[in-house]
Ligand SMILES: [Mg+2]
C-alpha cells in the first residue's frame, strides 16, 4: 500500500474547522452562545504564549465537547451534514488537483487531524479517502457525554505506529502539514509538503516542498512523487 497522511486544518482546509462548526451549531441552537467567549479565551492564551500549541488544541476540543454534553448524536450529525455543505468553499483551490494526482498514483489518503471527526467523515466519504484519525466525541446510548473520546491532533506519531502503516510493503509516500504537531508525519515520508510559511524544525536532511498562497505547484509534486516511488 502507498499512503499519504494529511493534516486538515490550514493544510487542506483554510482556517480551523472547529470554529466554523461551533458558529453553525450555535446558530442552530445546538450549543449555547457562551461557547464563543470560552473558545476566545483559549485562543488568546495561545496567542500570548501562555499555553503550548498542544494545550491550545486539547483545551479547545475539551470546551467544544463540553458544550455538546447531552446533545443527541443524531442531532449533532444532522448539523454536521448541513455544515459540511457550506464549509467546502474553505478548501484550498488546488486540493481537488492534489487528490486527483494521489488517485492517479494509487496513493491512499488518510487524514490525521485535531478537527472534529464527524466533519472529516463527511469529507472522507465525499472525496474518497481511505480513513481518518481525528478528534472524536465520546458517545453513550446515542447521546454525547461532553467528553473527548480521543484526539489524534496532539499525537500524530501514534498513527505511524499502527500495523497497517508499519507493514514492510507499506510506503509512506506523502505527508502534508502546517504546524509543529505535523512534524512526526513530515519527517517520515518520502515526500513532504509544508503548507504556509511557518518555520518547522524538521529533520536536518528534510527538503520539503512549500505550498504557499501563491498557488500549489502540483507539477513539481508529481515529479518528486514519481522519482520517490520509482526508487
Ligand atoms: Mg493544521
Quick check on the range 146-155. Is at least one of its residues free of Cβ contacts under 8 Å to residues at least 60 places away in the same chain, assigned to a helix (DSSP H, G or I), surrounded by fewer than 21 Cβ atoms within 10 Å (Cβ to Cβ) and more than 16 Å from the ligand (Cβ to nearest atom)?
no
Counting only residues that are in contact with a strand residue (DSSP E or B) (Cβ under 7 Å, 6 or more places away or on another chain) and in a helix (DSSP H, G or I), how many does the range 164-181 have?
1
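Matching residues to (1) touching a residue at least 24 places away in the same chain (Cβ under 8 Å); (2) assigned to a helix (DSSP H, G or I); (3) touching a helix residue (DSSP H, G or I) at 6+ places or on another chain (Cβ under 9 Å); (4) away from the ligand (no atom under 16 Å from the Cβ):
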residue: 26; (1), (2), (3), (4): no, yes, yes, yes
residue: 33; (1), (2), (3), (4): no, no, yes, yes
residue: 36; (1), (2), (3), (4): no, yes, yes, yes
residue: 39; (1), (2), (3), (4): yes, yes, yes, yes
residue: 89; (1), (2), (3), (4): no, yes, no, yes
Go through (1) within 17 Å of the chain's Cα centre (by Cα); (2) within 25 Å of residue 159 (Cα to Cα); (3) within 16 Å of the ligand (Cβ to nearest atom) and name the single condition residue 59 misses.
(3)
Cβ-Cβ under 8 Å, sequence separation 6+ or interchain: first residue in the range 178-189 and in contact (Cβ under 8 Å) with a residue 12 or more places away in the chain and within 14 Å of residue 152 (Cβ to Cβ), partner assigned to a loop (DSSP other than H, G, I, E, B) and near the ligand (Cβ under 7 Å from one of its atoms). Which pairs?
179/7; 179/10; 181/7; 182/7; 182/11; 185/7
Restricting the range 1-24 to residues that are more than 16 Å from the ligand (Cβ to nearest atom) and assigned to a helix (DSSP H, G or I), the one nearest to the chain's Cα centre (by Cα) turns out to be 22
Flagged in the range 183-208 as closer than 22 Å to residue 170 by Cα and not in a loop (DSSP other than H, G, I, E, B), in numbering order, are 183, 184, 185, 186, 191, 192, 193
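Computed from the coordinates by the stated procedures, all read-outs in this text should not be read as laboratory data. The model shown is predicted, which means the values in this text are computed figures rather than measured ones. In this analysis, Cβ positions are derived from the backbone assuming ideal geometry, glycine residues included, and neighbour counts consider all displayed protein chains.
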